[in-house]
Amino acid sequence: MNQTPQAAPTRAARHRRSAADSVVTGVTEKAAASGLALTDGGRRWHRPLLVLGIACGVIALASLLAIPFDDRTIQGESVWLKAFKFGFSFFAYCLSLAWLLSHMTKLRRTGWAFGTLFAVISAAEVGVICAAAAAGTYSHFNTSEDPFNQVVQLAFQFVPVMFLANLVIAVIVLFQRIGDRAVTAVVRWGLLLSSLGMFAAFFIVTVGGQGERTAVDANGDEVVLNAGHGVGDLDGNGMFLTGWSTTGGDMRVPHFIGLHGIQVLIGVAMLLGFVAARRAWMRDERVRAAIVRWLSLGYLGIFATTVVQAVRGQSFIAPDAATLAGFAASILVAAAGIALTVRKARRAVPVLKGAVEAPEPALVVR
């Protein structure tokens with residue numbers, strides 16, 4: 001009598017899991033058929049990073065929707081703009097890292113632990129930024145001694161630990177292969193770029209200079225700020241949506257470009273897989289890996305150019321001849337390498353076809 005009530009929920013739970021597995025399997029099979037799947041087989045993503053990524057996506061969307069309805073501003077920008085930017089960034093990066101950690105073949109537990117550490121610190125950082133936005137005050141550079149701001153600044157003290165956690169994961173990945181050669185190249189170069197992007201954030205204060213000044217928050221209260229984002233103009237005039245300085249250099253530009261390099265490369269790898277499903281010359285994983293490496297090299301050049309541009313106190317939207325030359329050289333190197341790779345791959349296809357399709361000599365019966 002006591003077993004019947006327990007059996008029903010168990011069967012229902014199994015049915016729900018089976019239905020969910022069927023959906024995931026169906027999506028995976030369709031992605032694989034189209035060439036968009038980077039790896040074969042379903043794996044459980046890193047759950048803390050997955051949950052945080054989804055939560056940050058919700059925060060980004062909610063912050064964006066709040067902007068038209070909340071007219072409070074800080075230095076001419078909506079109080080919710082920073083929450084939107086951080087929410088979006090962590091949404092994209094946490095999901096990428098959650099996917100990556102699920103495919104590690106060595107030191108999985110170590111990677112899982114550092115991924116959890118990264119998620120916990122990231123959650124605290126996004127949380128205090130959202131809290132400061134709701135309170136209508138500054139989060140970064142705020143030197144106020146009130147208890148609320150002390151909590152905000154305490155959360156920021158753990159950002160270097162978050163960077164080190166990401167760096168450890170990047171080093172671990174260097175010694176293992178994830179997916180085919182192309183995916184492995186995406187992961188290695190992507191983590192390199194993201195680590196450089198995070199490292200660039202540490203220079204926002206040191207390069208900009210320690211400019212102590214008094215500003216007014218959204219509540220009309222005076223707040224003493226120390227340092228700022230801009231180089232040459234600490235507060236500057238922000239670009240639409242990004243907030244990057246239009247009157248000076250801004251280290252947030254290379255920070256953003258480097259941090260999200262891994263998402264760009266993942267998108268490129270998916271596009272290459274899609275093309276490979278339809279073009280024979282792209283099916284060799286070595287060809288796709290070479291394209292990823294050349295593109296990554298060009299991307300790294302663009303990142304380095306924006307670093308130099310920011311340090312020189314030059315706005316991203318006002319490049320001079322030297323900056324344009326840096327961008328052009330980065331693009332040309334990547335384009336030349338990719339063109340050479342594609343040319344060699346397309347020339348090799350007829351040879352391979354001829355080798356496969358050549359008819360066998362007929363047997364002569366005497």
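The values are calculated or read from the model by the stated rules, or taken from the named source; none is laboratory data. Bear in mind that the values here come from a model prediction, so they are computed numbers and not experimental data. So basically every Cβ, Gly included, is an ideal-geometry build from the backbone, and we count neighbours across all protein chains shown. We work out accessible area using only protein heavy atoms, side chains counted, and drop any ligands, DNA or RNA first. Shrake-Rupley method; radii C 1.70, N 1.55, O 1.52, S 1.80 Å.
By accessible area, using a 1.4 Å probe on protein heavy atoms only, the stretch 147-289 has 64% of its surface on carbon and sulfur.
Quick one: putting +1 on the C-beta of Lys and Arg, -1 on the C-beta of Asp and Glu, what dipole do you get for the stretch 38-166 around its Cα centre, in Debye to the nearest 20?
Numbers: 9 positive and 7 negative charges, 160 e Å.
Using only the charged Cβ atoms, the result is roughly 780 debye.
Of the peptides 245-251, 192-198, how do they stack up when ordered by the mean number of other Cβ atoms within 10 Å, highest first?
Highest to lowest by the protection proxy: 245-251, 192-198.
Backbone amide hydrogens, once placed in the peptide plane, bring residue 223 within less than 5 Å of 215, 216, 217, excluding anything fewer than 5 places away on its chain. Net charge in the neighbourhood of residue 315 (other residues with Cβ under 14 Å of its Cβ; Lys, Arg +1, Asp, Glu -1) is -2.
Modelled label positions at residue 174 and residue 75, each set 7 Å beyond Cα in the direction of Cβ, lie 3.6 nm from each other. I want to verify the translational diffusion coefficient of the stretch 132-283 in µm²/s; compute it with Stokes-Einstein, Rh as the Kirkwood radius over Cα pairs, at 20 °C and 1.002 mPa s. Taking Rh from Cα pairs, D becomes 119 µm²/s. When only alpha carbons are used to place a centre, the stretch 170-185 and the stretch 218-288 end up 23 Å from one another.
Over the stretch 134-290, accessible surface divided per residue gives 44 Å², non-protein components excluded, 1.4 Å probe.
Express the accessible area of the stretch 294-349 per residue in Å², computed with a 1.4 Å probe while the remaining protein chains stay in the model.
Accessible area per residue, the stretch 294-349: 53 Å².
Between 300, 273, 331, the Cα set farthest toward the positive side of the dipole of the stretch 204-353 (charges on each charged residue's Cβ, about the Cα centre) is that of 273.
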